[in-house]
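Down below is the structure, laid out as structure tokens.
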Amino acid sequence: QVQPVESGGGLVQPGGSLRLSCAASGTIFSGRTMGWYRQGPRKARELIAAIAAVASGGSTNYADSVKGRFTISRDYAKNTVYLEMNSLKPEDTAVYYCNTVPSTPYWGQGTQVTVSS
């Protein structure tokens, strides 16, 4: 299977937290910078967090809209990338995807995150 498999989304109240997981096996993803993207209602898909491969220093970068609230990490043994999301806001409502940075054509189904009271 080439497409990533995202999970962990759900309905959460403003101020709440969620942890997303992305299983991304296969050589197409290994050793690459990985990122979390999201697409909100009537919005274009955007990159919000990225983590470089260890061989490239393992640095992380975030969009200003999520900086200080979201944390990206990866477990090489499990071929999994995580996104810890805290202090969630209604504007974080979106479908969340993972892929390499720059992205490959292989997108998963994504996982829906809805922030609402």
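Could you pull out every one of the lysines with an alpha carbon less than 17 Å from that of Lys89, ignoring same-chain neighbours closer than 8 positions?
Within reach: Lys43, Lys67.
If you roll a 1.4 angstrom probe over the protein chains with everything in place, what fraction of the accessible area of the chain belongs to carbon and sulfur, to the nearest %?
Numbers: 2970 of 6070 Å².
It is 49 percent, rounded to a whole number.
If I model a spin label at Ser59 and Asn79 as a point 7 Å from the Cα along the Cα→Cβ vector, what separation in nanometres do I get?
A separation of 2.8 nm, rounded to one decimal place.
What's the local net charge at Ala52, with K and R +1, D and E -1, over the other residues with C-beta under 12 Å away? Display every interim value, and only then the final one.
On the way: positive: Arg32, Arg74; negative: none.
Overall, the nearby charge balance is +2.
Which value in nm describes the separation of the simple spin-label points at Lys89 and Gln109, placed 7 Å from the Cα toward the beta carbon?
3.0
In debye to the nearest 20, how big a dipole does the chain give about its Cα centre with +1 on each Lys and Arg Cβ and -1 on each Asp and Glu Cβ?
80
Within the set of other residues whose C-beta is less than 12 Å from the C-beta of Tyr97, count the net charge using Lys and Arg as +1 and Asp and Glu as -1. Spell out each step's value before the answer.
Numbers: positive: Arg38, Arg45; negative: Glu6, Glu46.
Computed value for this residue: 0.
Pop out the ³J(HN,Hα) list for segment 33-43 in order, Karplus 6.51 cos²θ - 1.76 cosθ + 1.60 with θ = phi - 60°, rounded to Hz; leave Gly and Pro as x.
So the Karplus estimates, Gly and Pro as x, are 5, 10, x, 9, 10, 8, 9, x, x, 6, 10 Hz.
Can you give the net charge of the other residues whose Cβ lies under 13 Å from the Cβ of Leu88, counting K and R as +1 and D and E as -1?
Numbers: positive: Arg19, Arg38, Arg69, Lys89; negative: Glu84, Glu91, Asp92.
Residues close to Leu88 contribute a combined charge of +1.
Please work out the C-alpha center-to-center distance from segment 1-42 to segment 47-66 and express it in whole Å.
Centre-to-centre (Cα) distance: 14 Å.
Roughly how big is segment 50-102's charge dipole about its Cα centre, with Cβ charges of +1 (Lys, Arg) and -1 (Asp, Glu), in debye to the nearest 20? Spell out each step's value before the answer.
Details: 5 positive and 5 negative charges, 20 e Å.
In total the dipole reaches around 100 debye.
State the antiparallel share, in %, of DSSP beta bridges confined to segment 1-90, rounding to the nearest 5.
For segment 1-90, the DSSP antiparallel bridge percentage is about 100.
For the chain, with every protein chain kept in place, what is the accessible area per residue (1.4 Å probe, Å²)? Can you show the working numbers first?
Values: 6070 Å² over 117 residues.
Result: 52 Å² per residue.
The values are calculated or read from the model by the stated rules, or taken from the named source; none is laboratory data. Everything quoted here is computed from the prediction, not taken from an experiment. Here the Cβ is made from the backbone with ideal geometry for all residues, glycine too, and neighbour counts use every protein chain on show. Keep in mind that these areas ignore ligands, DNA and RNA; they rest on the heavy atoms of the full protein, side chains included. Shrake-Rupley method; radii C 1.70, N 1.55, O 1.52, S 1.80 Å.
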